[in-house]
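So the structure is just underneath, and the comments pick up after that.
The values are calculated or read from the model by the stated rules, or taken from the named source; none is laboratory data. Only a predicted model underlies this, so the values are computations on that prediction, with no experimental measurement involved. A quick note on method: Cβ atoms are made from the backbone with ideal geometry, for glycine too, and the neighbour counts reach across all protein chains shown. Just so you know, the surface numbers come from the protein's heavy atoms only, side chains and all, with ligands and any DNA or RNA stripped out. Shrake-Rupley method; radii C 1.70, N 1.55, O 1.52, S 1.80 Å.
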Amino acid sequence: MRFCAKCGRDERSVPIIRHLCIDCYLELKGRDLFPRSITLTYCPSCGSYRVSGEWISSEDMGNDERVVMAYIIESGLKIPEEIVSADLEDLRVIRTDYGEAIDASVRISIGSSQYRITRRVGLHRERTLCPACHKIRGKGYEAIIQIRGLPFINERLLRTIEENLYKLPEALRNSIAEIEHLREGIDLKLVSRHAAQSIASIIRKEFGGRIIETEEGGTGRSMRTGKKPRLVISIRIPSIEEGSYIRINGQPYIVERVDEERITLINREGKKVTMTKSDIVKSWE
Ligand SMILES: [Zn+2]
Ligand SMILES: [Zn+2]
C-alpha cells in the first residue's frame, strides 16, 4: 500500500504520484508541470507562426494566436507517467507588471479522477521574418528606428516602450520586421519608411524627446549597386531618475525630484535648481 508522504492518505482513497497524493503533488509540484514561459515567434510580414521549428500560416492556425500558444504550452508540459492524460482546456492572455503572461488551465486525468490546474506562464513575442518573406525582402528593410535614452535608458522605460509597440495599430505593427534589444536601447527594423516615421512620431508623442533622421548607405558604392538608402531615425527619450547623477553643460547634478514636467536638481554646492525636462534635453543637444 502506498501512502502520501505529506498528508498520509493512502492509494485506496486518492491516486498517488511519486510518494505524494495527487492533491499534495499538484500543490508542491504543480508549477513544474508547466513551462515557465513560452516564446511566440511570428513573421511580421505574412503573419505566420514558427511552431516547433516550422513556419505555419496563421490561417492554418485558425487565425487565432491562442491556438499557437496552446500548442506550444501543451508540447512544453512535463507530465509524469502516472497521469493518463493532460489537456490544455483554457488559456487567457493577461498583462502583468512584467509584460504579458498566459493563465493556462490543464485538465489532467489520473485513475478515474480528473483535476484542473491553472498556472501562469510567461509570454514573450518575437518577430522574425520567415524564410519565405526574408527571401523576398532580403535585407530590404527601408528604415531603422533607434530608440535610446537620454542620458541612458533604464529597464522600466524599456518595458513601457515595448508595451507601447504592442499597442500600435496593426498595420504599423506589421511593418516591424525585427526588434533588436541592445544594451543602449531598442532597434526596430521596418519594411516601410512611411511606417517608420509614423511610429517614431507616436513614440515621441508618448515619451517626449527628440528625433533625428539621417540617410544611410545612400552614397558611393551602394548607390551604384542600386540599393536604396535606408532611413535611420534616432529617438532620444529623456529618462531622468530620482537619485541619479547627470551632467548639464558640463556641471554635475544629483536628481532630487522628478515631476511631470519639472526636475529638481542639487548642484555641487548643495543648492537646489529647478529645470524643465525640455531645457535639460536641449542642453544635451
Ligand atoms: Zn497528500
Ligand atoms: Zn513571412
Practice problem: State all residues of the stretch 178-195 that are assigned to a strand (DSSP E or B) and closer than 16 Å to P44 by Cα; if no residue qualifies, say none. | Solution: E178, I179, E180, D187, L188, K189, L190
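Within the stretch 161-172, how many residues turn out to be in contact with a helix residue (DSSP H, G or I) (Cβ under 8 Å, 6 or more places away or on another chain), modelled with pLDDT of 85 or more and surrounded by fewer than 16 Cβ atoms within 10 Å (Cβ to Cβ)?
So the answer is 1.
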Quiz prompt | Checking F207 against (1) surrounded by 17 or more Cβ atoms within 10 Å (Cβ to Cβ); (2) at pLDDT below 85, the condition it does not meet | solution = (2)
Quiz prompt | Residues located in the stretch 27-59, provided they are open to solvent by 10 Å² or more (accessible area, probe 1.4 Å), under 16 Å from I117 (Cβ atoms) and more than 10 Å from ligand 1 (Cβ to nearest atom) | solution = K29, R31, D32, P35, R36
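Kindly indicate whether I83 is within 16 Å of ligand 1 (Cβ to nearest atom) and open to solvent by less than 30 Å² (accessible area, probe 1.4 Å).
Yes: the conditions hold for I83.
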Quiz item: Can you find even one residue in the stretch 76-83 that is modelled with pLDDT under 95, of a type in the set (A, V, I, L, M), within 16 Å of ligand 2 (Cβ to nearest atom) and out of contact with any Cys (no Cβ under 7 Å at 6 or more places or on another chain)?
Solution: no
Quiz item: Conditions: (1) outside any loop (DSSP other than H, G, I, E, B); (2) loosely packed, with under 14 Cβ neighbours inside 10 Å. S13 meets all but one. Number of the miss?
Solution: (1)
Practice problem: Please find, among I117, I153, I147, the residue that is of a type outside the set (K, R) and not assigned by TED's automatic domain parsing to the domain that holds S234. | Solution: I117
Quiz item: Among the residues of the stretch 157-168, is any of a type in the set (D, E) and assigned to a strand (DSSP E or B)?
Solution: no
Quiz item: In the stretch 261-276, what residues are open to solvent by 100 Å² or more (accessible area, probe 1.4 Å) and not in a strand (DSSP E or B)?
Solution: R268, E269, K271
